[in-house]
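Asker: Below is one structure. I have some questions about it.
Every number here is computed from the coordinates shown, using simple stated rules; none is lab data. Quantities reported herein were computed from a predicted structural model and do not represent experimental measurements. Don't worry about glycine lacking a Cβ; one is built from the backbone with ideal geometry, like all the others, and counts go over all protein chains shown.
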Amino acid sequence: MYSTKSRNEHVEDKSPQSSPTPQILKDSREIKEIALSKTEERTPKKKKLQIPCPPQGTLNKVITDGIILILVWSVAWSFLGSEVLPGGNLFGLLVIFYCSLLGGKLLEIIKIPSVPQLPPLLGMLLGGFTIRNIPFISQHVKINSVWSSSLRNAALTVILIRAGLGLDPKVLKELKKVCVRLSIGPCLIEACSAAFFSHLIMKFPWQWAFLLGFTLGAVSPAVVVPSMLFLQEHGYGVKKGIPTLLVAASSIDDIVAITGFNACMGIVFSSGDLLTTLLNSLWEVILGVLLGVVLGMFLQYFPNRDQTKLEWKRSFLILGLCITAVLGSHRVGLHGAGGLCTLLLTFVAGLKWSKEKVRVQKIIAGTWNIFQPLLFGLVGAEVPVSSLRANAIGICVATVSLALLVRICATFFLMSFAGFSLKEKIFIALSWMPKATVQAVLGPLALETARISAPHLEEYSENVMTTAFLAILITAPNGALIIGLLGPKILTHSDPRLYKSSIDMRLAH
């Protein structure tokens, strides 16, 4: 018994020590696991491409927007039938709108390092131009000239509304001398120089030459304003108010060009003598001013401030009254009255709106986001490649370039004795060259009028249209690049918070 028990105890004592190998393996396994975990922490894990179900983010947005597009087309087809099928007006408008929108988005996506962003309107213009010049698509994308003209005039109305609301009486009073010189002088000088060069090079009659001159004379707020706001936010040129000056002057510059164009249109397509035409133009100006002041004073008090959704009601009234004024004036033959009425109406109405004016401007800016692709897409679709003859392109480019050179020199001279340094005057002169919005509206107007009332003048109007198209292609991207590249290098940098003005605060919205 003793021997057996002692033997068993001896065995039990030795059993834990008899097999050390599993413990060693276990310890080594733990060490390996720790080492592997540290190695995994050091080496970055490769992310697996996983598509969430249901889709999220950008993919979800793309699918949603596509379904909305299909539903818009389906609802329109339910109401209008063949109008939304290939060959119908609404089908053509939808195709041009979405292609222009896509062209603008693509240009926003394309970003070149150390190069300023190109304006999206260039992509919109090329989108419409592409649709027109692809043989299979162009056969099915057709838009009635009346629809096209009405939409472009509506876009012009939105431009004039934004110009009228953008005018600030306080800023105009502070910068009245410089602002008047910058907004009126270069526009008139370029219009006269373009008329001279087109008469000399393109063999235009004088009345058509001046019509072309005022088409080219306007600067584009769609290019100038965003570029100036960017410089202002970063404090370039704000000490002397250069961004504010250019933003305020761009609206008045457009007003001068549109008024001169309407006067020349009346002269070109009038059947009476010159004196009768001038008197009719004067009557249109007086009627537009009176109607604009009266309607503007009406909108100062209606709707009253105690009403709900005040800014929406004011925006609707402004859009309704101004579009009626512009399109209605064309209906009754008073082409120049509607534009002046719109400008005076919006300017007078905004005098009593104080801070609420910002909200109205924001709503009108949202409306412009719809009309802008339509405007530039329709303009691009008006220019077939067959009409761009090599000799015509060279002549048009020469006319635009010479008139632009005169404008730059005139702007530099007019900014002398205004307290600007040499570099600042060079920057202002070069910044005052981009053309886009007004040219997109005015360029096709003469062509449409000639097709309806004077087919024998269609050749001149086609040249005006081609010149406006080329002016946009040349000056819009180059102007944006020049402003973006030269601004930070030439203008003096300051703290932008010290030089804020009311117009800057509004345009920032």
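Asker: For the chain, with the dipole built from +1 on Lys and Arg beta-carbon atoms and -1 on Asp and Glu ones, taken about the Cα centre, which of THR64, PHE214, HIS330 lies farthest toward the positive end?
Answerer: THR64
Asker: For LYS352 and ALA390 in one chain, what is 0.36 nm times their gap in residues minus the Cα-Cα distance, to one decimal in nm?
Answerer: 8.3 nm
Asker: Another question about this same structure. Under a Cβ-only charge scheme (Lys and Arg +1, Asp and Glu -1), can you give me the dipole magnitude of the stretch 164-313 about the Cα centre, in debye to the nearest 20?
Answerer: Once rounded to the nearest 20, the dipole reads 400 debye.
Asker: What order do you get for GLU382, GLU233, GLU424 when you list them from fewest to most C-beta neighbours inside 10 Å?
Answerer: Ranking GLU382, GLU233, GLU424 by Cβ neighbours within 10 Å, fewest first, gives GLU233, GLU424, GLU382.
Asker: Tell me which trypsin sites (Lys or Arg not before Pro) from the stretch 303-349 have a DSSP coil assignment and no more than 13 other beta carbons within 10 Å of their own.
Answerer: ARG305, LYS309
Asker: How much length, in nm to one decimal, is gained on full extension between GLN56 and ARG331, taken as 0.36 nm per residue of separation minus their Cα-Cα distance?
Answerer: 94.0 nm
Asker: Also, quick follow-up: Could you work out [θ]222 nm for the chain from helices alone, using -39500 (n - 2.57) per DSSP H run of at least four and dividing by all its residues? Round to the nearest 500 deg cm²/dmol.
Answerer: Helix contribution divided over all residues of the chain: -26000 deg cm²/dmol.
Asker: I'd like the distance between the alpha-carbon centres of the stretch 52-72 and the stretch 185-207, rounded to an integer number of Å.
Answerer: 51 Å
Asker: Mark the label point 7 Å from the Cα of TRP147 along Cα→Cβ and return the residues of the stretch 71-94 whose backbone N is within less than 13 Å of it.
Answerer: 76-77, 80-94
Asker: Please report, in debye to the nearest 20, how large the charge dipole of the chain is about its Cα centre when each Lys and Arg carries +1 at its beta carbon and each Asp and Glu carries -1 there.
Answerer: 1280 debye
Asker: What is the distance in Å between the Cα centres of the stretch 221-282 and the stretch 136-159?
Answerer: The distance from the Cα centre of the stretch 221-282 to that of the stretch 136-159 comes to 24 Å.
Asker: Sorted from fewest to most neighbouring beta carbons within 10 Å, what does the list HIS330, HIS456 look like?
Answerer: If I rank by nearby Cβ atoms, fewest first, I get HIS456, HIS330.
Asker: Decide, for the stretch 281-394, between rounded, prolate and oblate: order the square roots of the alpha carbon gyration tensor eigenvalues as a ≥ b ≥ c, take rounded if a/c falls under 1.5, and otherwise choose prolate if a/b is larger than b/c, else oblate.
Answerer: Oblate is the answer for the stretch 281-394, as a/c is 1.5 or above yet b/c matches or exceeds a/b.
Asker: To continue, here is another question. Roughly how many whole Å is it from the C-alpha centroid of the stretch 458-475 to that of the stretch 307-356?
Answerer: Here the answer is 30 Å between Cα centres.
Asker: By counting other Cβ atoms within 10 Å of each Cβ, how are SER138, SER78 ranked from fewest to most?
Answerer: SER78, SER138
Asker: Taking the dipole about the Cα centre of the chain, with the C-beta of Lys and Arg at +1 and of Asp and Glu at -1, give me whichever of LEU287, VAL438, PRO120 is farthest to the positive side.
Answerer: Working it through, the farthest residue towards the positive pole turns out to be PRO120.
Asker: Please report, in whole Å³, the volume per residue of the convex hull around the C-alpha atoms of the chain.
Answerer: Considering the Cα atoms of the chain, their hull volume per residue is 285 Å³.
Asker: A follow-up question, please. When a/c reaches 1.5 or more, the comparison of a/b and b/c decides; with that in mind, is the stretch 113-153 rounded, prolate or oblate per its Cα gyration tensor?
Answerer: Cα axes put the stretch 113-153 in the oblate bin.
Asker: Shifting gears a bit: Between rounded, prolate and oblate, where does the stretch 186-244 land on the alpha carbon gyration tensor, with a ≥ b ≥ c its root eigenvalues, rounded for a/c under 1.5, else prolate if a/b exceeds b/c?
Answerer: Since a/c reaches 1.5 and a/b is larger than b/c, the shape of the stretch 186-244 is classed as prolate.
Asker: For the stretch 156-220, run through the trypsin sites (Lys or Arg not before Pro) and keep only the ones in DSSP coil with at most 14 other Cβ atoms within 10 Å of their Cβ.
Answerer: LYS203
Asker: Could you sort the peptides 256-263, 357-364, 435-442, 278-285 by per-residue average Cβ neighbour count (10 Å cutoff), highest mean leading?
Answerer: 435-442, 256-263, 357-364, 278-285
Asker: Have a look at PRO205, GLY87, PHE230 and report the one farthest towards the positive end of the charge dipole of the chain, computed about the Cα centre with Cβ charges (Lys/Arg +1, Asp/Glu -1).
Answerer: Highest projection toward the positive end goes to PHE230.
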